[in-house]
1. Anything in the stretch 659-675 that is free of Cβ contacts under 8 Å to residues at least 12 places away in the same chain and among the charged types (D, E, K, R)? List them, or say none.
2. Quick check on the stretch 428-439: of everything there that is in contact (Cβ under 8 Å) with a residue 40 or more places away in the chain and touching a strand residue (DSSP E or B) at 6+ places or on another chain (Cβ under 9 Å), which residue is surrounded by the fewest Cβ atoms within 10 Å (Cβ to Cβ)?
3. Among the residues of the stretch 318-337, count how many are assigned to a loop (DSSP other than H, G, I, E, B) and farther than 18 Å from Val475 by Cβ.
4. Leu117 - would you say it is without any contact (Cβ under 8 Å) to a residue 24 or more places away in the chain and out of contact with any helix residue (DSSP H, G or I) (no Cβ under 7 Å at 6 or more places or on another chain)?
5. Are any residues in the stretch 211-223 within 36 Å of the chain's Cα centre (by Cα) and either surrounded by 14 or more Cβ atoms within 10 Å (Cβ to Cβ) or of a type in the set (D, E, K, R) (or both), and if so, which ones?
6. Suppose we filter Val703, Val733, Val712 for residues that are open to solvent by 20 Å² or more (accessible area, probe 1.4 Å), within 30 Å of Val307 (Cα to Cα) and either touching a His at 6+ places or on another chain (Cβ under 9 Å) or in contact (Cβ under 8 Å) with a residue 24 or more places away in the chain (or both); which single one remains?
7. Could you please let me know if Leu403 is open to solvent by 50 Å² or more (accessible area, probe 1.4 Å), free of Cβ contacts under 8 Å to residues at least 24 places away in the same chain and not in a helix (DSSP H, G or I)?
Amino acid sequence: MWVFNVTGMAEAHQAVGFQFTVTPDGIDLHLSREVLKHIYLSGVTSWIKRAIRFKNGILTGVYPASPSSWLIAVIAIMSTMYARIDPSLGMIDTIKRTLPVSDYMTVQTQTVLSAILFATGLWLSLILMLRYILKALLSYHAWIFESHGKMSFCTKLWLSLVKMFSGRRPLLYSFQASLPRLPVPSVDDTITRYLESVRPLLDDEQYNQMEVVANDFKRDEAPKLQKYLILKSWWATNYVSDWWEEYIYLRGRSPIMVNSNFYAMDLLYVIPTHRQAARAGNVVHAMLQYRRKLERGEHAPLRALGVVPMCSYQMERMFNTTRIPGIETDFVQHLSDRKHLVVYHKGRFFKVWLYYGGRHLWPSELETQFQRILDDTTEPQPGELKLAALTAGNRVPWARARLKYFSQGVNKASLEAIETSAFFLTLDDEEHGYDPDKLRSLDLYAKSVLHGKCYDRWFDKSFTLIAYKNGKLGVNAEHSWADAPIVGHMWEYVLATDCFHLGYTEEGHCKGDINKGLPPTAKLQWDIPLECQEVIEDSYMVAKEIADDVDFHGCLFDEFGKGLIKKSRTSPDAFIQLALQLAQFRDKGEFCLTYEASMTRMFREGRTETVRSCTIESTAFVRAMEDKNTKSAQRLDLFRKAADKHQNMYRLAMTGSGIDRHLFCLYIMSKYLNIDSPFLKQVLSEPWRLSTSQTPQQQLNMVDINKFPRYVGAGGGFGPVADDGYGVSYIIVGENLITFHISSKFSSPETDSYRFGQNIRQAMLDIRALFDQNDKKEM
């Protein structure tokens, strides 16, 4: 007699899934009811999920109409027929004649079917017409150039029409087919704006030389390149985005840690619980809720003015996504419905299932699983401790190691578990967060989220969630699949859900019962040879050199904020950008090419555009501020001119009339056509010594900051773009706080992040003083 046991989920229940005994009388089969129950529930959940996706897919596919409007159209056509009126002008009879005649299809049936087919065709035509009307309306951008608080009659009429044609209760992807394509600017406009942007950075001789090179390009190479680019814009959904992802991100062979990845911080002042496993449990559950709504398309689309929709394309790859290394180029692998995540703790990797009995694990169940990992005292396997350093080093050694050492056996299975996981979680063994009583606490917190120990984040995952020992959190995000506002949208939802919807017990644990029958976490197995361990160590040393060189400073500016700036009738972003120009000049004694990221998501599959913040007007203002003989009234007048200029440039960038993405695409096209362009080479090689970005706040409005002033985010940041420059990310929090995240390199004798932070603070105060002096004079 032979007895065979096959165990699965029931292992957690100390029972076998099924057992069969072979005897002379036959096979005696015993099934576990518990396992069958879980299989049944899992299947039901899967079918419910498919049904909801199918339903939402139909709702999105027919938007701005609705499925019920099809029934109305059919009833209307049928009613006119019974009234002996033919609204089809003979088309129904034509359809009727093409239908086959049979015993099963009477004349009356043919008539009804012909009417239904005509009504369906009419309904689909109306949907297309509504979409084209909406697309035409969304191509109108004059509203964005109007002064704040002043809306023309034309814009009011346009807004009313957009609301009317936008339908009711749109889903996340409802507007995708109605979004206009990103237009290709004219070469003349781009060259003119480019020359204007570099004028304050060049002396007369340099500018004259650049003008000659630019005009030669406009006359010789540009016409052919522009024709091909326009052709691409007709064929591709977005003429920039695919090349931007490929050539700016995926083809880069240098480390993505610090150089490409960015980070987001936790709430600035609040830690809801100091229990590491509990905080991770709540947040992971909130992420699963967000993912479920994302997969079903149930999030509301973001809309400017509450009306104009933003493209949601980037959100599709937020979960279940990994950047896979290659020899010449990487690629982004996106899967659907991954049911596990991988957790890293003290050099070990664990696989944790996110579903049980066909449902998401509850926060208390996730806390139990994470606590088991924290309590595990096993040592890392040889080569396992710093394995993730492969994702932090140069791309080619990682790609080769992946092919050589991780293409078979346990290494392949374990790597697949990581790369196919929903996301990556690090249970960090350090404590971090902002503490006003500790020197440089925000600086160290930022460096930890940005690069950690160089081997305790999987930098290739779409994002790594980091849960610190004291309950603080952070997110490290890979950049190729999406931009910071996309991650910010998810992070805002998760933090609000964690604090205001899920909550914790008085002891700091997750709410809910503890399920002791959960399947155990699985420790990933590795067989890493010494040769591979040497590659891992080499990648770690490369990454560590980069990380150790990052000079970071977090600056909390709370002297005033958005509220006071708006009272002076100035854009907060323009105010801050001019303060950055003043700080830069005081820091280095010269101006530099400045990058500010702007979004182009009013267009389909739009990502970003560059605003060149160093302008003729901004440099004139800065020089006036540094000239003691210039009166405050003159300085204020120059400030307003510079702010207006900046606002106009930002609006041009948002509406598809920027400079840099057009020149970038012309450069890529020149490479495809083997056309040598000295002008494009020079433009693309210019260093951005001041790279800036504003982190969006309250995209979802889930938390009333006025009611809960301590529940504010700390924002996020990125590494320095140039070896001798600064990276500055800032977030405008509520009415009275602006947080600056400043990065540079210790190896550069020209930069000092703390010094630059102090220069920013003083520049902000000096500009405010202009308005204070002006107010006193008016009184």
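1. Across the stretch 659-675, the qualifying residue is only Lys671.
2. The first filter runs over the stretch 428-439 and keeps only residues in contact (Cβ under 8 Å) with a residue 40 or more places away in the chain, leaving 428-429, 431-434.
Then drop every residue that is not touching a strand residue (DSSP E or B) at 6+ places or on another chain (Cβ under 9 Å), which leaves 428-429, 432-434.
Details: Asp428: 25, Asp429: 14, His432: 24, Gly433: 24, Tyr434: 20.
Restricting to residues being in contact (Cβ under 8 Å) with a residue 40 or more places away in the chain and touching a strand residue (DSSP E or B) at 6+ places or on another chain (Cβ under 9 Å), the top hit is Asp429.
3. 9
4. So Leu117 does not fit the description; no.
5. Ala214, Phe217, Lys218, Glu221, Ala222
6. Numbers: Val733 fails: open to solvent by 20 Å² or more (accessible area, probe 1.4 Å); Val712 fails: open to solvent by 20 Å² or more (accessible area, probe 1.4 Å).
Residue meeting the stated conditions: Val703.
7. Judged against the criteria, Leu403 is not a match.
Results for (1) more than 20 Å from Leu427 (Cβ to Cβ); (2) outside any helix (DSSP H, G or I); (3) not assigned by the TED database to the domain that holds Gly717, shown as yes or no for each residue.
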{"position": "Ser448", "(1), (2), (3)": "no, no, yes"}
{"position": "Val475", "(1), (2), (3)": "no, yes, yes"}
{"position": "Ile486", "(1), (2), (3)": "yes, no, yes"}
{"position": "Leu495", "(1), (2), (3)": "no, no, yes"}
{"position": "Pro520", "(1), (2), (3)": "no, yes, yes"}
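The values are calculated or read from the model by the stated rules, or taken from the named source; none is laboratory data. This structure is a prediction, so every number in the text was calculated from the model and none was measured. Neighbour counts are summed over all protein chains in view; Cβ atoms, including those assigned to glycine, are modelled from backbone coordinates with ideal geometry. Quick note on the areas: whole protein, heavy atoms, side chains included, nothing else; ligands and nucleic acids left out. Shrake-Rupley method; radii C 1.70, N 1.55, O 1.52, S 1.80 Å.
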